[in-house]
Amino acid sequence: MDNTVNLAQAGATDSTPFLMRLFRMRETGLIVIILALFLIMSFASPYFLTWANMRAMSMAFAVDGLLVIGMTILLISGGIDLSVGSVTALAMVIAGWLFLSGIDPWVASAMAIALCTAIGAFMGFFVTRVGLHHFIVSLAIMVIARGACLLFTGGRPLGLYTLPPEFKFIGQGSIGPIPIVIIIFLVFVIAFDFMLRRTTMFRKVFYTGSNEKAAAYSGIRTKKVIFLTTTLCSTLCGIAGIIYMARFGSAQPTFGLGLELTIIAAAVIGGASLNGGSGSILGAILGVILLSLVSSSLALLDVSVYWQDIIRGSILLVAVTIDHYLNKRRG
């Protein structure tokens, strides 16, 4: 009898720290909030739980999720990128323009992604070699990339109606009930989550973001880490732009205006610190799911688009405030 009680007490003692850690995890709180919103919206709107709305919402956050992956890794390293919306639009425009010029869409897309990678490397050079801050460099690239979009299109959308079906499939197709976009998204999430948790190279991203000087003294080539994370973020923008182009069958020069705020907000809500050194892919994806859910809910409830911007901005402010408070406590 006594042994049974002792074993039960020991089991309870062992499980208590785990449960406490579980409830303290940021991801757990986000899951609870997401489930609560799902429950509320299922009663608030008869259209919320329809297959059409679930599909549209999941496809929206899936492509945004690619951008959030890149932004999260960059934030962990201590950087930030304000150009993600403009660079994503530029990938669409360049690929679309090349396709209309007679180039195969797959080749055109590869060239557009390569250009985005070069843009990331260009930003990385100015940050690591010239010594400029990510904020300033990415702000300049945001304006330049948007100007290039308008230059190549004359400010008008490019209609890509002759895109071959096999190319459109990556943005519009499905395997069974699951859209290809979701499958691509899951592959990227699993791959980068594993690398961020398990590989030595990506562990250096955390060390660099936590304390760049200390990481450098320990032998980590911090400039290389920052250069690579900056380049990776822009490369993922290129991939997302191509998927958007295949999904919509057009290239919009004004696409992605303000998208950088949504992406940064999702990453910060998910636990990525603006001071660097912390964050997770899972948390960031939950953050983008939450914001996508909020946007869908506001649209279904017929909330004015002006109020939607106010609400999204408020969510960003709250997320940054929480991040600041947590950093002060850690400090």
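The values are calculated or read from the model by the stated rules, or taken from the named source; none is laboratory data. Keep in mind that this is a model prediction, so the values were computed, not measured. For neighbour counting, all protein chains shown are included, and Cβ atoms are generated from backbone atoms with ideal geometry for every residue, glycine included. Protein only, heavy atoms only, side chains kept; ligands, DNA and RNA dropped before computing areas. Shrake-Rupley method; radii C 1.70, N 1.55, O 1.52, S 1.80 Å.
A few points about this structure:
- Taking Cα atoms only, the orientation of helix 180-198 departs from the longest principal axis of the chain by about 50 degrees.
- Solvent-accessible surface (1.4 angstrom probe) belonging to residue 213, in square angstrom, nearest 10: 150 Å²
- When all protein chains stay in place and ligands, DNA and RNA are ignored, the 1.4 Å accessible-area order of 185, 125, largest first, is 125, 185.
- Shown in residue order for segment 296-307 are the 3J(HN,Hα) couplings computed by the Karplus curve 6.51 cos²θ - 1.76 cosθ + 1.60 at θ = phi - 60°: 5, 5, 5, 5, 5, 7, 6, 6, 3, 4, 5, 5 Hz (x for Gly and Pro).
- Amide hydrogen neighbours beyond the local backbone of residue 250, cut-off 5 Å, H modeled: 160
- Cα gyration tensor category, rounded, prolate or oblate, for segment 187-331 with a/c compared to 1.5: oblate
- Placed amide H near residue 174: partners under 5 Å, 5+ positions off or other chain: 180
- For the chain, averaging the sequence separation of C-alpha pairs within contact (under 8 Å, six or more residues apart) and dividing by the residue count gives a relative contact order of 32 percent.
- Ligands, DNA and RNA aside, residue 321 has an accessible area near 80 Å² when probed at 1.4 Å.
- ³J(HN,Hα), Karplus 6.51/-1.76/1.60, whole Hz, each residue of segment 249-261, x for Gly, Pro: x, 7, 10, 9, x, 9, 5, x, 5, x, 5, 4, 5
- Heavy atoms of residue 135: accessible area, 1.4 Å probe, square angstrom to 10: 90 Å²
- The residues neighbouring residue 294, those whose beta-carbon lies less than 14 Å from its own, together hold a net charge of -1 under the Lys/Arg +1, Asp/Glu -1 convention.
- Inter-label distance, residue 38 to residue 190: 2.0 nm, where each label sits 7 Å from its Cα along the C-beta direction.
- Ranking 161, 47 from most to least accessible surface, computed with a 1.4 Å probe over the protein chains only, gives 161, 47.
- Distance from the alpha carbon centroid of segment 231-306 to that of segment 113-159 works out to 18 angstrom.
- In degrees, nearest ten, helix 200-210 long axis to first principal axis of the chain (Cα): 80 degrees
- For the chain, with +1 on Lys and Arg beta carbons and -1 on Asp and Glu, the positive-most of 143, 314, 295 along the dipole: 143
- Percentage of interatomic Cα-Cα distances in the chain larger than 33 Å: 30 percent
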